[in-house]
Amino acid sequence: MQKVIHISSLIVAGLLVLWTIVPLTAATADQGLRYSCSAQIYEAFENVRLDAFTKETGIPVDLFVASSNSCVYRVMQDMTDVASTTRAIYQRHKDHWLVETPFCKDPLAVITHKALSVNNISTGQLRQIFSGGITNWKEAGGPDLPITLVVPAYDTGANKNFRRLVMRHKETTYDYITYKSTRVLEAIERLPAGAISYISRAAMITHPDIKALSINDQKPSDDSYPYYQIFYMVTKGEPTGSTKLFIDFIKSEKGRALIKERGMLCCPED
């Protein structure tokens, strides 16, 4: 059984607007495994994997969904038994005895509404779009339509990975910023067709009105696609007990099957 807390909001022109807050009493050890999960990873496949884990082991999971940064912090502060993150931990985390276990990789997809006629852009165009150099889709071979930039919050793994992998740490701009990374999916669905963002490809599976753009003629499903995120489990010290069972399950045949069903690659790669 999962108990989930979602905190979500949208920041427009510097104004923070809360959409929903669902409170949850803090989990204790005797309530089961405490798990702080990256929002991207939850949407990618944990929303089905956790039920399978509890059914297999009988261990209930108290779930907290937040940014990768927040999840790792909760491990450091002993607020959770295990966390998932879409970024590797830093040396300062390892100095606090944190241990990371990679378990899969997933394309970082550049997404738009499916109504947009553009299906492919170059890396150069992508960088210009998110740095404000290109502001209309006609400058990228598309219709005469303003580009609306939607980005996840700066402390999310999606934002940090995009700035590192795509922008090469070049400054980015935006029209809308979402508190939680996966809220970009709802933003793309609701905003005009010129909106663009980025997210785990597996997280967009349940959003049929959203498509992923090809980059340099490479689709996210292609082996040569240039932008991948690595997903990790993080614990304080080597995992033991129910935490080890949790991580072992994700690397088991059943866990790997769920990863592959969502179009992700297992670590180590097959």
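The values are calculated or read from the model by the stated rules, or taken from the named source; none is laboratory data. Bear in mind that the values here come from a model prediction, so they are computed numbers and not experimental data. We place every Cβ from the backbone using ideal geometry, glycine too, and count neighbours over all the protein chains shown.
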Among the residues listed as GLU238, GLU253, GLU261, the single one being within 11 Å of THR101 (Cα to Cα), in the same structural domain as THR85 (by TED's automatic domain parsing) and of a type in the set (D, E, K, R): GLU238
Qualifying positions in region 219-240 - in contact (Cβ under 8 Å) with a residue 60 or more places away in the chain, part of a loop (DSSP other than H, G, I, E, B) and not charged (D, E, K, R): PRO220, SER221, TYR225, PRO226, TYR227, GLY237, PRO239
Checklist (1) modelled with pLDDT of 95 or more; (2) surrounded by fewer than 21 Cβ atoms within 10 Å (Cβ to Cβ) applied to ILE205, failing item: (1)
Search result, residues across region 221-264 that are in contact with a Pro (Cβ under 9 Å, 6 or more places away or on another chain), within 17 Å of PHE45 (Cβ to Cβ) and not hydroxyl-bearing (Ser, Thr, Tyr): GLN229, ILE230, PHE231, MET233, PHE246, ILE247, ASP248, GLY263, MET264
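Rundown of residues vs (1) of a type in the set (S, T, N, Q); (2) modelled with pLDDT under 95, yes/no style:
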position	(1), (2)
SER117	yes, no
GLY124	no, no
PHE130	no, no
GLY133	no, no
VAL150	no, no
ASP155	no, yes
ASN159	yes, no
Test: residue in region 29-38 that is modelled with pLDDT under 95 and in contact with a strand residue (DSSP E or B) (Cβ under 9 Å, 6 or more places away or on another chain): yes
Residue match in region 152-172 (condition: assigned to a strand (DSSP E or B) and in contact with a strand residue (DSSP E or B) (Cβ under 8 Å, 6 or more places away or on another chain)): yes
Any hit, region 153-160, residues being assigned by TED's automatic domain parsing to the domain that holds LYS211, free of Cβ contacts under 8 Å to residues at least 60 places away in the same chain and either more than 21 Å from MET204 (Cβ to Cβ) or not aliphatic (A, V, I, L, M) (or both): yes
Test: residue in region 179-192 that is assigned by TED's automatic domain parsing to the domain that holds VAL118, under 16 Å from ILE134 (Cβ atoms), part of a loop (DSSP other than H, G, I, E, B) and in contact with a helix residue (DSSP H, G or I) (Cβ under 9 Å, 6 or more places away or on another chain): no
Of all residues making up region 88-115, the number that are among the charged types (D, E, K, R) and closer than 18 Å to ILE259 by Cβ: 3
Qualifying residue in region 241-249 (condition: closer than 25 Å to THR101 by Cα and part of a loop (DSSP other than H, G, I, E, B)): no
